[in-house]
Amino acid sequence: MPSENLPFRMKITLPGAHRPIPVGKLLCIGRNYAKHAEEMGSDVPDVPMVFLKPASAIIRSGETVVLPPQSQNVHHEVEMVAVIGKEGKNIDPGAALEYVAAYAVGLDMTARDLQSAAKERRHPWSVAKGFDTFAPLGPLTPADQVGDPQNLEIRLRVNGEERQRASTDHMIFSVADLVAYCSRIFTLAPGDLLYTGTPDGVGPVEGGDVLDATLTGCAPLHVRVERAA
Ligand code: MN
């Protein structure tokens with residue numbers, strides 16, 4: 001089985017499961033908080049804005065974000081992550097939360113300079129969003145222990161100083177709406193991750209920084225930042 005050879009960081013163990021499974025798709029949502037859209041000078045979307053990150057970008061709590069030589073301006077984006085636990089296609093919004101096995105806090109690290117250049121050229125964001133270590137993922141907490149996903153506080157501190165803080169009730173599209181929407185495009189499968197968008201307060205990180213992210217009811221995420229040698 002090729003999956004046996006994946007780095008351990010690219011596997012997750014779903015609640016109640018005995019064995020880790022490979023991380024699948026990373027479905028990421030842009031502009032899902034109005035104040036973040038505003039700080040980026042962007043309009044609020046009328047349908048979810050979806051992009052993908054590769055599973056090779058995953059790191060886990062305690063590991064290190066590596067700033068690539070191609071970028072001089074890498075930003076933090078703290079996000080609630082919904083972890084898909086069963087296969088589904090064309091999921092009804094009313095049943096969508098049944099497909100979420102766990103939640104975690106994550107970071108959608110973004111090379112903002114490369115993203116700006118891509119926007120100008122109307123190129124995709126894959127490079128700006130997809131570097132190795134650009135998708136830190138906190139420990140998974142079973143969904144039934146988290147409660148209402150639209151009533152959680154999400155928070156990021158950089159070197160102990162608060163940079164981002166919001167309630168998930170400010171999300172434009174709810175987790176249920178996003179799962180249903182994405183499932184009309186992509187067959188969802190266990191091990192897929194949905195990064196649900198960042199609130200306002202994004203900003204640059206530097207080598208030596210320490211990032212601490214929290215989400216109500218979930219175990220925290222702690223990563224260091226280093227510039228590539
Ligand atoms: Mn994001």
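FYI, it's all coordinate maths here, none of it is from the lab. Predicted model only: the values in this text are computed from it and were never measured. Quick reminder, even Gly has a Cβ in these numbers, built from the backbone with ideal geometry, and neighbours come from all protein chains shown.
Filter the trypsin sites (Lys or Arg not before Pro) in the stretch 125-216 to those in DSSP coil with at most 11 other Cβ atoms within 10 Å of their Cβ, and list the result.
ARG184
With N set to the number of residues, divide the alpha-carbon radius of gyration of the stretch 73-229 by 2.2 N^0.38 Å and report two decimals.
Rounded to two decimals, the normalised Rg is 1.05.
ALA102's amide H: which non-local residues (gap 5+, or another chain) put their own amide H closer than 5 Å, with H modeled 1.01 Å from N in plane and none for Pro or chain starts?
Sorted by chain and number, the residues that satisfy this are VAL83, ALA143.
Summing +1 for each Lys or Arg and -1 for each Asp or Glu, what net charge is found among the other residues whose Cβ lies under 11 Å from the Cβ of GLY217?
Around GLY217, the charge tally is -3.
Estimate the FRET efficiency between ALA95 and THR187 by the formula 1/(1 + (r/R0)^6), using the beta-carbon distance for r and 22 Å for R0, to the nearest 0.05. Before the final figure, lay out the partial values.
Details: r = 16 Å, r/R0 = 0.71.
Using R0 = 22 Å, I get an efficiency of 0.90.
Taking amide hydrogens as modeled 1.01 Å from N in the peptide plane, which residues meet the under 5 Å criterion relative to HIS76, leaving out close sequence neighbours?
HN-HN under 5 Å from HIS76: GLY203, VAL205.
Local charge sum around LYS53 (other residues, Cβ-Cβ under 13 Å, Lys/Arg +1, Asp/Glu -1)?
Net local charge, LYS53 excluded: -3.
State to the nearest 20 debye the size of the charge dipole of the chain about its Cα centre, where the only charges are +1 on K and R beta carbons and -1 on D and E beta carbons.
Details: 22 positive and 28 negative charges, 131 e Å.
With Lys and Arg at +1 and Asp and Glu at -1, about 620 debye.
Is the shape of the stretch 17-132 best called rounded, prolate or oblate, per the rule: a/c under 1.5 gives rounded, else a/b larger than b/c gives prolate, else oblate, with a ≥ b ≥ c the square roots of the Cα gyration tensor eigenvalues?
oblate
Do any of LYS53/LYS119; LYS11/LYS53; LYS89/LYS119 go past 20 Å between their Cα atoms, and which?
Numbers: LYS53/LYS119 17 Å; LYS11/LYS53 15 Å; LYS89/LYS119 31 Å.
The pairs that break the limit, which is 20 Å between Cα atoms, are LYS89/LYS119.
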